[in-house]
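Below you'll find the structure, written out as structure tokens, and then a few comments.
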There are 2 protein chains.
Amino acid sequence: MLRERLAFFGALCAILVSINLVTADSNECELPPGLREEIAQYQPVVDSIFQHIVSGEYAGKTWQSLLEFTDRFGPRLTGSKQLEDAIDFAVQEMIAEGLDNVHTEEAIVSHWQRGREWAELVEPFQKNLPMLGLGKSVGTAPEGIRAEVIAVESFEEFENFTADQVEGKIVVFAPAWVGYGPTGRYRYDSPSVAAKKGAAAVLIRSMTPFSIGTPHTGTLSYVPEVPRIPAAAITVEDAMLLLRKYRRGDKMVIHLKMDAMNLDPTISRNTIGELEGHTFKNTSVVVVSGHMDSWDVGTGASDDAGGVFVSWKAVTFLKAMGLRPRRTIRAIYWTAEEQYLEGASEYERQHSDGEKDEFNVFFESDSGTFEPTGLDFSGNNDAQCIFAEIAKLMTSYDEFTFTEGSVGSDIGNWVRRGFPGVSLRNKNENYFWYHHTEGDTIELEDPAALDRITALWAATAYVIADLSIDIPKDVVSYDSK
Amino acid sequence: MLRERLAFFGALCAILVSINLVTADSNECELPPGLREEIAQYQPVVDSIFQHIVSGEYAGKTWQSLLEFTDRFGPRLTGSKQLEDAIDFAVQEMIAEGLDNVHTEEAIVSHWQRGREWAELVEPFQKNLPMLGLGKSVGTAPEGIRAEVIAVESFEEFENFTADQVEGKIVVFAPAWVGYGPTGRYRYDSPSVAAKKGAAAVLIRSMTPFSIGTPHTGTLSYVPEVPRIPAAAITVEDAMLLLRKYRRGDKMVIHLKMDAMNLDPTISRNTIGELEGHTFKNTSVVVVSGHMDSWDVGTGASDDAGGVFVSWKAVTFLKAMGLRPRRTIRAIYWTAEEQYLEGASEYERQHSDGEKDEFNVFFESDSGTFEPTGLDFSGNNDAQCIFAEIAKLMTSYDEFTFTEGSVGSDIGNWVRRGFPGVSLRNKNENYFWYHHTEGDTIELEDPAALDRITALWAATAYVIADLSIDIPKDVVSYDSK
């Protein structure tokens, strides 16, 4: 259960909660002899990378590629032809760009389909309830579920209800937004919590601090042995309306119809392209990553095509600049992240033999690609000391800051097991306004911001991949995680 | 056509475009002898009205009533039982509050029903297109319309298309937002413009400067003798996606299904309650108003239950304070505003005999009830002079400002015919984010802001209704309008 819960917090696609550990002050660090001087010598190449990407021949190209990609393939739900077409396209493009070892690695993934769906308040007055079924939810019977409503604000409040009171009802959970981690568990846990008392279905308040009548989807998790009941997100506004009415004693009836289906698991692919190291090819690899799949709403531009493209183009532009580091920089576009990190988990399994040698550092961008503000580093004290020294190379660009923090959704498992990790920080204060909605589109992406992210990503990955030493790590083996 | 167009701009529920006429500077005005001194003597009663409503016993009550009303009746589409129930409730409540001459006056109104509806991009990839059918739109055949797409940004661009190119297509109009007046005509005119060339249906970009994947409904207007084709609003994001794809030459197919129906016209009611004048009862009436109906999305809290409640409670609180002015203050809650001012138009017809004597000034709040910033006055130069003098009584509250301007949707016809008019100005910069969407709910309303509006409304209406003279007017008769 703890492992599940940890995985869940990792899976909560993408807010990075900064946890202040000891801040690495490089003045207090004992760096290996000569390393400080070695790192300082990268300043000209870092400057050149920024110049080429931010104001030179590559300026605007990350955004342009992202635009063409999201316009061409639209949303990329796991199991859809659109996702697999997008993966094929990425492979072809990376080959055309001359990247090394371009290929895919298969993963067995969930295959959920939304189908047609709607919800309607039918008593005491008629009102459409805009909704999105939760990922992996079962559907209703063809005629839908027409049932009386119970509405609560919290699990604690729901504990006061007996099974007799809940039996056959549609339960509305309307928790106040206090952040994606703590509020997110309602999306994840509500269906089984309510089903244990015999509920017919669950509707949750969408996970967002701000709404214009917009529902937010996302995955749920059914507890084994508990009946699987349909679950959907409704708008903040409607959830609060239903909660107020219930508390006043108004009898309410909702008609919920969902054609959702969980089909047999299918095969998708993690997508890989490299800038191969001149000395180390398949050892001490520096991974830069984002996830290729999205929900079936909007076009998943922010979650997470943006992360894919800054990782992809960082490698492409380094290659085009003729910069080949000592170690390999491997771009990975994970599949089925939204289905609970299925692609990344499969990759971790497949690479668990010898991974201590295979990997050095994992980068991930999966919390928006708005205006960049810096990077979060995770890792042991020695790693932090080196990261802090590298960070000095970047601080002249914008006002980037670099801190220790917990990183990662797809790379979370590696990071928790002691691999050094790097995550993007950006001005994503409004990220959850759009997260998992029809509003996650190219309108959220800015060409200049993407350029700066790609440059920061490319420069940092390049320096790490080219250093004379690996970034130190304390890796717990895959089997004992 | 001009009249239709004028009516349309009036009908465009609610942005008030300030037109700077000559600003009335009361120092340059020749007020009737003694009037300046007379108006100044109202300062203590104005102070008392503000004190009671903003910080006294009525503080918070406008919002509380608005909350209970929108929670109880939900959205109030013309023709719905919910609207008529809400009207019955208002009548009962106003009688209970002791208002005078509480009654309704019937109006024959449109009866449109939305029914189930959806739109889906099916080629070249699959994507749901969140949408809202436009008011008064016909529906599709039961199986929907499955057709190829043409997308344009403007009517001018559409002129380049031949009937051969348009025949049987779904036409997407994606005009850039430049304001509700100029952009609004696409909602109104697009269906017939496209139908003239044989289009099967129309989808328009929602009328808003900002979107989180939110569609905005609103009424269309079919041109007589042109085939009536289904029309709906899609999100800004999807409209732009379709436009970009069309311009790139991508073949697109959309499947549109709308069960919308125009039923036989039905009867609704304008709702009236008064604070009867102690001297003039049914002459020189000061009307304060908002509209009772809404679209069938959200709960119409901002459009326009807010306008109803500040008008209603202004009268209620004056009555409760024992303030009875010389003339009658008549609260009117128009019906069927969203159907093209049908309730107000019927009222105008019914009162056209002798209306020059019956009415003095018309107030309307229908552009949001956010933080108030002042009032817009319309009327002839003499009226402006008096308004400017009255405005001095209010300027100590917040930082209210008072300007000449064009006012009104429901009261627009009277104002254009020369009756003095008063409209609320408020911090409604984001009004169109929510307008005609599922996001138009009580969350937009603030208790303290509503108190200040109700106070401003009550104090201004009271002074106007109690003055020794009528506000001057130059009225063009109803028949010659």
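When each copy gets a label point 7 Å from Cα toward the beta-carbon at B:E37, what are the spacings between them in nm, shortest first?
9.5
From other protein chains only, count the Cβ atoms within 10 Å of every residue's Cβ in B:113-125, then give the mean.
Values: counts 0, 1, 0, 5, 2, 3, 0, 1, 1, 0, 0, 5, 12.
Counting Cβ atoms of other protein chains within 10 Å of each residue's Cβ and averaging gives 2.
Restricting to the protein assembly as shown, what percent of DSSP beta bridges are antiparallel, rounded to 5? It would help to have the intermediate numbers written out before the result.
Working: 74 of 137 bridges.
Within the protein assembly as shown, antiparallel bridges account for around 55 percent of the total.
Work out, step by step, the length gained on full extension between A:E167 and A:E358: first 0.36 nm times the residue separation, then minus their alpha carbon distance; give nm to one decimal.
In short, 63.5 nm is gained.
Count the lysine pairs in the stretch B:114-262 that are 8 or more places apart or on different chains: how many have C-alpha atoms under 20 angstrom apart?
Summing the qualifying lysine pairs gives 12.
Quick one: if you take sqrt(5λ) for each eigenvalue of the C-alpha gyration tensor of chain A, what semi-axes come out, biggest first, whole angstrom?
Details: eigenvalues 360, 96, 82 Å².
Over the Cα atoms of chain A, the ellipsoid semi-axes are 42, 22, 20 Å.
Sort the stretch B:56-136 into rounded, prolate or oblate with this rule: let a ≥ b ≥ c be the square roots of the eigenvalues of the Cα gyration tensor; rounded if a/c is under 1.5, and if a/c is not under 1.5, prolate when a/b is larger than b/c, oblate otherwise. Display every interim value, and only then the final one.
On the way: a/c = 4.78, a/b = 2.04, b/c = 2.34.
Oblate shape, in that a/c is at least 1.5 and b/c is the bigger or equal ratio.
Solvent-accessible area of A:F402, probe 1.4 Å, all protein chains present, reported in Å² to the nearest ten, please.
Estimated to the nearest 10 Å², A:F402 gives 40 Å².
Treat the stretch B:186-312 as a sphere of radius equal to its Kirkwood radius over Cα pairs and apply Stokes-Einstein at 20 °C in a medium of 1.002 mPa s; give the translational diffusion coefficient in µm²/s, rounded to a whole number. Numbers along the way, then the final one.
Numbers: Rh = 18.4 Å.
After rounding, the answer is 117 µm²/s.
Mind jotting down a quarter of the surface of the convex hull over the alpha carbons of the protein assembly as shown, in square nanometres, one decimal? It would help to have the intermediate numbers written out before the result.
Working: hull surface 169.1 nm².
Spelled out: convex hull of the Cα atoms, projected over all directions, averaged, 42.3 nm².
Excluding ligands, DNA and RNA, what is the solvent-accessible area per residue of the protein assembly as shown at a probe of 1.4 Å, expressed in Å²?
On the way: 33260 Å² over 962 residues.
Dividing the accessible area of the protein assembly as shown by its residue count gives 35 Å².
When the helix-only estimate is applied to chain B (DSSP H runs of n ≥ 4, each -39,500 (n - 2.57), divided by the residue count), what is the mean residue ellipticity at 222 nm, nearest 500 deg cm²/dmol? Walk me through the numbers before you get to the answer.
Details: 16 runs with 158 residues, N = 481.
Rounded to the nearest 500, it is -9500 deg cm²/dmol.
Mind giving me the FRET efficiency for B:D446 and B:E37? R0 is 56 Å, r the Cβ-Cβ distance, nearest 0.05 is fine.
Details: r = 37 Å, r/R0 = 0.66.
The value I calculate is 0.90.
Are there any residues in the stretch B:441-459 with a reduction of at least 10 Å² in accessible surface when going from the isolated chain to the assembly of protein chains? Probe 1.4 Å, please list them by number.
Residues shielded by partner chains are B:T441, B:I442, B:E443.
Contact order normalised by length for chain A, with contacts defined as Cα pairs under 8 Å and 6 or more residues apart; what percent is it? Don't jump to the answer; show the numbers that get you there.
On the way: 1161 pairs, mean separation 113.7, N = 481.
So the answer I get is 24 percent.
Consider just the alpha-carbon atoms of the stretch A:114-262 and return their Rg together with their Dmax, both in angstrom.
When restricted to the Cα atoms of the stretch A:114-262, Rg and Dmax are 13.5, 38 Å.
Can you find, among B:L467, B:T104, A:T279, the residue sitting farthest towards the positive end of the charge dipole of the protein assembly as shown, where Lys and Arg contribute +1 and Asp and Glu -1 at Cβ?
B:T104
Measuring label to label, 7 Å along Cα→Cβ, what does A:T162 give against each other copy in nm, shortest first?
Those label-point separations list as 7.7 nm.
In nm, to one decimal, how far is the modelled label at B:S48 from the one at A:Q64, with both set 7 Å along Cα→Cβ?
7.3 nm
If I model a spin label as a point 7 Å beyond the Cα along the Cα-Cβ vector, how far apart are those points for A:A320 and A:K392 in nm?
So the label points at A:A320 and A:K392 sit 3.2 nm apart.
Per residue of B:228-238, how many C-beta atoms from partner chains lie within 10 Å of its own C-beta, taken as a mean?
Values: counts 0, 0, 0, 0, 0, 0, 1, 5, 3, 12, 4.
Averaged over the peptide's residues, the number is 2.
Roughly to the nearest percent, how much of the accessible area of the stretch A:136-253 is carbon and sulfur, given a 1.4 Å probe? Write down the numbers at each step before the final one.
Details: 2110 of 4110 Å².
Result for the stretch A:136-253: 51 percent of the exposed heavy-atom area is carbon or sulfur.
Roughly how much accessible area, to the nearest 100 Å², goes out of reach of solvent when A and B pair up, both sides summed, probe 1.4 Å? Numbers along the way, then the final one.
Values: alone 18150 and 18160 Å², together 33260 Å².
The summed interface area works out to 3100 Å².
For a quick check of your reading of the filter: which GluC sites (Glu not before Pro) in the stretch A:384-421 sit in a DSSP loop and have no more than 12 other Cβ atoms within 10 Å? All intermediate terms of the calculation are to be shown ahead of the outcome.
On the way: sites: A:E389, A:E399, A:E404; in loops: A:E399.
Of the GluC sites (Glu not before Pro), the ones in loops of the stretch A:384-421 whose Cβ has at most 12 other Cβ atoms within 10 Å are A:E399.
Are there GluC sites (Glu not before Pro) in the stretch B:131-197 that DSSP puts in a loop and that have at most 15 other Cβ atoms within 10 Å, and which ones? Kindly include the intermediate steps, with their values, before the conclusion.
Working: sites: B:E143, B:E148, B:E153, B:E156, B:E157, B:E159, B:E167; in loops: B:E143, B:E153, B:E159, B:E167.
Within the stretch B:131-197, the qualifying GluC sites (Glu not before Pro) (loop, at most 15 other Cβ atoms within 10 Å) are B:E143, B:E159, B:E167.
Over the stretch A:82-193, calculate the relative contact order: mean separation of alpha carbon pairs under 8 Å at least 6 apart, over the residue count, as a percent. Walk me through the numbers before you get to the answer.
Working: 64 pairs, mean separation 16.7, N = 112.
Once normalised by length, the contact order is 15 percent.
Take peptide B:127-140, look around each residue's Cβ out to 10 angstrom, count Cβ atoms belonging to other protein chains, and average those counts.
Values: counts 8, 8, 1, 9, 0, 2, 0, 0, 0, 0, 0, 0, 0, 0.
Counting Cβ atoms of other protein chains within 10 Å of each residue's Cβ and averaging gives 2.
What residues does the stretch A:175-217 have that are buried by at least 50 Å² of accessible area in the full protein assembly compared to the chain on its own, 1.4 angstrom probe?
Residues meeting the cut-off: A:I212.
Kindly provide the Kirkwood hydrodynamic radius of the stretch B:388-481 in Å, to one decimal, from all pairs of distinct alpha carbon atoms.
Numbers: mean 1/r = 0.0634 Å⁻¹.
Taking every pair of different Cα atoms in the stretch B:388-481, averaging 1/r and inverting gives 15.8 Å.
Mind checking the angle between helix B:2-11 and chain B's longest principal axis? C-alpha axes, 0 to 90 degrees, to the nearest 10.
Between helix and principal axis, roughly 70 degrees.
Note the angle between two axes, namely the Cα long axis of helix A:306-320 and the longest principal axis of the Cα atoms of chain A, as a number of degrees from 0 to 90, rounded to the nearest 10.
For helix A:306-320, the angle is close to 20 degrees.
What residues qualify as long-range amide H neighbours of B:E123, i.e. H under 5 Å apart, gap of 5 or more or another chain, H built at 1.01 Å from N?
Long-range HN contacts for B:E123: B:V253.
Using only the alpha-carbon atoms, how far is helix B:447-466 inclined from the longest principal axis of chain B? Give it as 0 to 90 degrees, nearest 10.
Helix B:447-466 and the main axis of chain B meet at about 50 degrees.
The values are calculated or read from the model by the stated rules, or taken from the named source; none is laboratory data. All of these numbers come straight from a predicted model, not from anything done at the bench. A quick note on method: Cβ atoms are made from the backbone with ideal geometry, for glycine too, and the neighbour counts reach across all protein chains shown. We work out accessible area using only protein heavy atoms, side chains counted, and drop any ligands, DNA or RNA first. Shrake-Rupley method; radii C 1.70, N 1.55, O 1.52, S 1.80 Å.
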